[in-house]
Every structure is written in structure tokens, then in C-alpha cells.
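Just so you know, all these numbers are worked out from the coordinates, no wet-lab data involved. Since the structure is predicted, the reported quantities are computational estimates derived from the model, not experimental observations. Reconstructed Cβ throughout: ideal geometry from the backbone, glycine too, with neighbour counts over all protein chains shown.
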Amino acid sequence: MGEHALVNAEVSRIGEPVTLAQVRARIADRFGLVPAFFMMARAEPPIVESMFSMVEFTYFDSPLPPLFKERLFVYVSRFCTVPYCMARHCGFLVGCGNVAGDPDADGISVAEAVGLLQKPFPDAAGRDELLRALRAVPGVLDRWPDPASPLSETILFAAAVVFVMPQEHKPLLAELERVLGARLYNYLMLFLGFIRFAHFWTESHPQLRVEDDLDHLLSEQRALAEWVTNYSAQVEREVAQAKAELREVELLRARAAQSEQDVVDLREEVTARTRDAQAALEESRAKGTYMTTLSHELRTPLNAVVGYTELLEAGLGGALDEKGIAYLARIKATARQQQQIIEEILSFARLEGGRETVRTEVCEMDALVNELHAVITPLAEARGLTFTTKVANAPATFTADASKVRQILINLLGNAVKFTPSGTVDLNVATSYDALVFTVTDTGPGIPPRDRERIFEPFTQLDEGKTREYGGTGLGLAITKRLVGLLHGDIRVHARDGGGSTFIVALPYQRAT
């Protein structure tokens, strides 16, 4: 630690009492003067001696370059609320005393010292640049860089940043330790710790005043005096800006972290939903395959039943009396009804399994309406209903999948006839922009608002009693909605409970050329 530390050790060893004069002599020998800083404890010479011993170990005798230490001391003392440390160490820099206790160390000019004091605290971009510069150093330095080098300046201002905001700049601390190595890094941290103690000591002794040499210096150097007098407002703005930038950075980091988490959560949700959708698709395909197989198995014997009834009707089994003919008619009607149910199941299975395709062709509106009349009018008359159609502002020919359009309308009209006890069932056809609009209206019991979406679910009928009365699978409207979707159309229902129902189907079309 040098001859001064050895003298200290010898004094302690022989146990001689420490006098203030002895300590003052040692202080003056190193500083070139006796700073008033130490004299705040002059009533207790052992305290003064302990403080000076700390100065020797952490400040004077550390292996950091003297000019680096003094410039760093001056710069970070801008952030002390009392100007004493800043002014005193600025004085050491410009020749009023020794630089970092070394009488042989070179100082700097007053203009350079003022420039250092006026250099703003690094903003967010500057702090990022300091971090990049340190990260660019490939390994541990084998010696301290030249105090005039860019790397030395980087270390100085990085040390200033971690002095002011140590918790907020841990990456800078980590890089300083990596670049300097454990020994130099710890000496730098000890030095910064001593500066923090010095600031606390001066702030806790408001009676502390600058020495005469500094009064003389400030009286001759106007720029330096103005800075020392007015620096606090400037430094407070710098620190406030730095803290505001940090808050903004932390907010952006939090948002980025949340966004990353949102992406992770969304990816997991998409994966889960994709998995669920795939499972549902496989399940749907399995159900479709099962229903198709079952329907085919049912349709084969039914076809045989219908075939045999037709043979019996033709008299191939001999003459039938009136009662036999009636029984035969019932058998045939029941078989036909079961065939219709099977066709509905097959159609639904194809739609659910994605096996249904669209085949466009040129359609004639009159032919479509006539087919609907041929199917629906007998059903309506059998129930005492009136079935009417009206075509207004619709093309005579158009391009669409005729069989699917026909199936959609027969399902809607057949449902309307089935569930309307009296009155009328009407079909209106019109166009709206590039869509054909089919409106099916009945005077039936209507549909409660809570059930207007549920009616499109498979195997659903609102009144289970109606199922027993009218039969059916509950697939008609489910098939209809899926067919409308397959044709890129839209279906809506307007109904009042007890006041009839209206189904509106809009299907895109092209005029036939």
C-alpha cells in the first residue's frame, strides 16, 4: 500500500495516541492541502485518521489511474446535493492540490473540467451505446486502458451510470466486471462506494464550506463558478429524464413480455383448438361413415320392400281384396317415408364429412318454381293449406347448383307445411344486388326467440310431441343451413311466438349468358 500505509501500521503497532496534528500532516502530504471535509470530525482525531485510512485504501492507493479516478469523482459529484465534493475535486483536477493524492499525476485545464461537468448524463440511447461498447471488448483487459482512450471514457461513464442507477443497469455492471476482471472491478466498486460515503458525509454536515483556494479559483473562473452555483437544476432534469426513459423502457419491456406471452398463449390455444378440431373432424367422419354404412344397410331391405309391394300392386302375387290393397298402400307409404329419412341421414353425413361438392349449371326460374309446386302443393292441400309463389324482379335463368337450391327450398317449404295447422305457406323470390332472395312465410305457431338458433342444430325439434305426430329426424333445417353455407349464402329466421315464421335465404348467383 505504499510508505504512507506502512507509517500508519507502525503508529498503530506501537500504540501511540493519534493526534490531530499527525493526521493533518499525513492528509496534507497526500492531498497537497488539508480539505475541510476531514475537519468536520477534528474533535475526534481517531475518526479523522480512520476516514483518511479509507481514503488511502479506496482512493489514493487503488490501481486505477489517478486522472481516471479524479475525473470520475468530479463527474459523479454532480449528483450530490451539496457542491463541496464537486468543487473540491475539480480543484484537484486543475492544480489546487494533488490529483488523486499523486503529486506527479497530470491534471487538466479549467476549460476541460467545465466541459466534463457540463457533459449531460447519458440518455437511453447513450446508455445502450455504452453497453454495446463494453460488449464489443473480447475479453478481460490485461491492464487499464489509457485514460485518454475511448474505452477509458466508456468505462468512466458506465461507472457513472451504475453509480446513479445501480439497480436499473445491472447489465452494465455485469459487463464492467467481465471487461475489468474481478480485481479491477472490485477496486472500482470500492472507489464508487467511497464517493457515496463522501457525498453522504458532506450532505450530513451543512456547515461545510469550500476552502480559500477554491474561493479564489471560482472568483477567477466565471464558467466554473456559474456551473457550481446553478448545477443542481440541470442535474435534476437529467436524472428525471433518465428515470422517465427507464420507466418507458420498462413499460415497453413489460408490453413486449406480455406480447410474447400472448403469442405463446395464442399458439397453445391454436394448437389445442386445432387438435380439438381435428378430433372433432375425425369423430364427425367416423359418425358420417357409420351413418352412411347404416343407411345403406337400411336402404337395401327397404328397396326390396318397395319393390315387392309394387309387384303385389301389379297383381303378380294374385288378386287382392280391398283390405289387402289398403294394407299394401300403408306398407308402401311407410317404406317411402323411411327412405326419405335415410336420404336425409345420408345427405347430412356427406355434408358433415366434407364430401358434398357444388356443381353449377344453368337453371330456369320457371322450372324451379314448377317443381316446387309439384312437390309442395299436394302436401299443402292434404292439410287444407294454401301454397302460393310469387317471383318479382328475378332472372329468368341463372347459374347455380340447381339440386341444392331445390333441396333447400323443399326442406323449408316442407317444414312450413308440416308445422302449419291452418292458413297459408308462401314463397317469394326476388333479387338484392348479386343475390337471389327466397322468402318462405307461414301462418304456423311461430318460434320463441330463445329457440331461433337452436332449430338449426342437428336432430332438433322444438316440440317433441310434433316429432311423434309428424315424424322426421330433426335434420331438415340442419341440412338446409349447411347447404346454404356450402353455396356461400346466408339464412335468417324472423318469427313471433304464436305469430308465424319467415325464413329468408340469400344465395349468390350469376346471370346465365
Ranking Val228, Phe200, His216 by how far each Cα lies towards the positive end of the charge dipole of the stretch 195-247 (+1 on Lys and Arg Cβ, -1 on Asp and Glu Cβ), the top one is Phe200
Rh_Kirkwood(the stretch 85-205) over Cα pairs, Å, one decimal, evaluates to 15.7 Å
In debye to the nearest 20, the charge dipole size for the stretch 108-149, taken about the Cα centre with +1 at each Lys and Arg Cβ and -1 at each Asp and Glu Cβ, equals 100 debye
Residues other than Tyr185 with Cβ under 9 Å of its Cβ, Lys/Arg counted +1 and Asp/Glu -1, net out at +1
Net charge (Lys, Arg +1; Asp, Glu -1) of residues whose beta-carbon lies under 11 Å from that of Phe387, Phe387 excluded, is -2
